[in-house]
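Heads up: the structure comes next, in structure tokens.
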Amino acid sequence: MTITPTELAGCFVLEPKVFFDSRGYFMESFNEKLFHEMSQQQLRFVQDNQSFSTKGVLRGLHYQTGVYSQSKLVRVLQGSVLDVAVDIRPDSATFGRYHAEILSDQNHKQVFVPKGFAHGFLVLSDTALFAYKCDQYYHAASEGGIIYNDATIAIDWILPEAEWIVSEKDRQLPAIDQARKIW
């Protein structure tokens with residue numbers, strides 16, 4: 001597995017070694033010891049989540065605050081998405097900047113989204129099965145979010161906005177300067 005730092009400190013792209021043969025393939029999707037050695041991040045995953053979505057579904061940008069702040073390891077089991085992590089750490093030199101990565105069942109890439117980041121994704125394929133591990137349990141009272149089309153972040157979502165399917169809840173999220181503080 002290769003672990004590549006992004007331009008945002010603490011955010012990584014993971015690419016497993018995939019072994020193909022006539023039966024299909026095998027890969028190790030996560031190895032805690034290797035991840036710690038390569039990233040210097042110590043974590044323990046406590047919850048796995050999965051969602052199924054159709055083309056154009058945009059979920060995000062979400063995060064949790066305080067002691068319930070989450071790190072996530074995200075990947076796509078079927079289909080393709082544009083995955084986005086936004087640095088919302090108040091003292092970060094890259095506050096308000098984002099990293100976007102296409103994740104698919106073909107490239108097997110994963111993104112480690114550390115605490116202090118908002119996260120979202122847009123489905124590029126007809127359907128997508130999205131899975132992620134969290135190092136903290138979901139806590140509804142600690143939810144935070146940022147509007148997906150915040151002009152100061154200026155995310156290039158690839159697909160035209162007319163094709164997006166966004167929940168009413170996500171349409172009501174505030175801009176980054178009005179969003180709930182992470183810590």
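The values are calculated or read from the model by the stated rules, or taken from the named source; none is laboratory data. Predicted model only: the values in this text are computed from it and were never measured. Because the Cβ atoms are built from the backbone with ideal geometry, glycine has one as well, and the counts that use them run over all protein chains shown.
So the values come out like this:
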| read-out | value |
| --- | --- |
| Residue within region 58-74 that is in contact with a Pro (Cβ under 7 Å, 6 or more places away or on another chain), surrounded by fewer than 24 Cβ atoms within 10 Å (Cβ to Cβ), on the phi > 0 side of the Ramachandran plot and at pLDDT 95 or above present | no |
| Candidate set: region 18-47, residues that are assigned to a loop (DSSP other than H, G, I, E, B) and at pLDDT 95 or above; chosen: the one surrounded by the fewest Cβ atoms within 10 Å (Cβ to Cβ) | 22 |
| Selection status of residue 68, aromatic (Phe, Trp, Tyr), over 12 Å from residue 130 (Cα atoms) and under 15 Å from the mean Cα position of the chain (by Cα) | no |
| Those residues of region 70-95 which are of a type outside the set (Val, Ile, Thr), touching a strand residue (DSSP E or B) at 6+ places or on another chain (Cβ under 7 Å), assigned to a loop (DSSP other than H, G, I, E, B) and under 22 Å from residue 153 (Cβ atoms), in sequence order | 70, 71, 95 |
| Residue satisfying all of: in region 75-92; of a type outside the set (Ser, Thr, Tyr) and over 13 Å from the mean Cα position of the chain (by Cα); surrounded by the fewest Cβ atoms within 10 Å (Cβ to Cβ) among these | 91 |
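Okay, residues lined up against (1) in contact (Cβ under 8 Å) with a residue 60 or more places away in the chain; (2) closer than 17 Å to residue 170 by Cβ:
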| position | (1), (2) |
| --- | --- |
| 82 | yes, yes |
| 88 | yes, yes |
| 92 | yes, no |
| 97 | yes, no |
| 104 | no, no |
| 110 | yes, no |
| 119 | no, yes |
| 129 | yes, no |
